[in-house]
Each structure stands twice: as C-alpha cells, then as structure tokens.
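In what follows, a single structure is set out as structure tokens and then discussed.
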Amino acid sequence: METFLIEIDQSKHDFFINLMNEFTFIKRIETLEPENMPEIYAAIEESEKDIETGNFISQSDIKSEYLIL
C-alpha cells in the first residue's frame, strides 16, 4: 500500500471526501490542518535535498539490514 499526500481546494473538499468514501480500497488515515503544513513542506524539502545529494539508504540496504525478504 502506498500513502499519498494531496492538497484539495476547500471548495471541493466535501465532494472529494464523499468520493473517497465510495472506494473501499482508500483508507483515510489523517487530516492535516493548515497550521501543520509549513512543517510538512519543510520535511518534504529536506527529504528532496537528501535524495539529490545521495544522503539516503536504499531499499535493498534496509531489506538486507532487517532481513526483509
């Protein structure tokens, strides 16, 4: 399962929530409040910089470290 962070225009919020509720394969896990967004965007920017500079651990390294097959 993948997790996505999306931003919905307030005018379409209720429509989108109702649409999501129609699909059993979508699980709503959290609603982000606007006051939390600066920290989230900062974390995303930091992650992107780490990726650009090669400062990350590959999935295969994590799997081998934790013996995930």
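What follows draws every value from the coordinates through simple rules; no lab data is involved. Treat the numbers as computed from the prediction; the structure is a model and nothing was measured. Cβ placement follows ideal geometry from the backbone for every residue including glycine, while neighbour counts extend to all protein chains displayed.
Condition check for LYS12 on (1) touching a Phe, Trp or Tyr at 6+ places or on another chain (Cβ under 9 Å); (2) surrounded by 10 or more Cβ atoms within 10 Å (Cβ to Cβ): one failure, at (1). Quick one: would you say LYS63 is more than 19 Å from the chain's Cα centre (by Cα) and basic (Lys, Arg)? It is true that LYS63 is more than 19 Å from the chain's Cα centre (by Cα) and basic (Lys, Arg).
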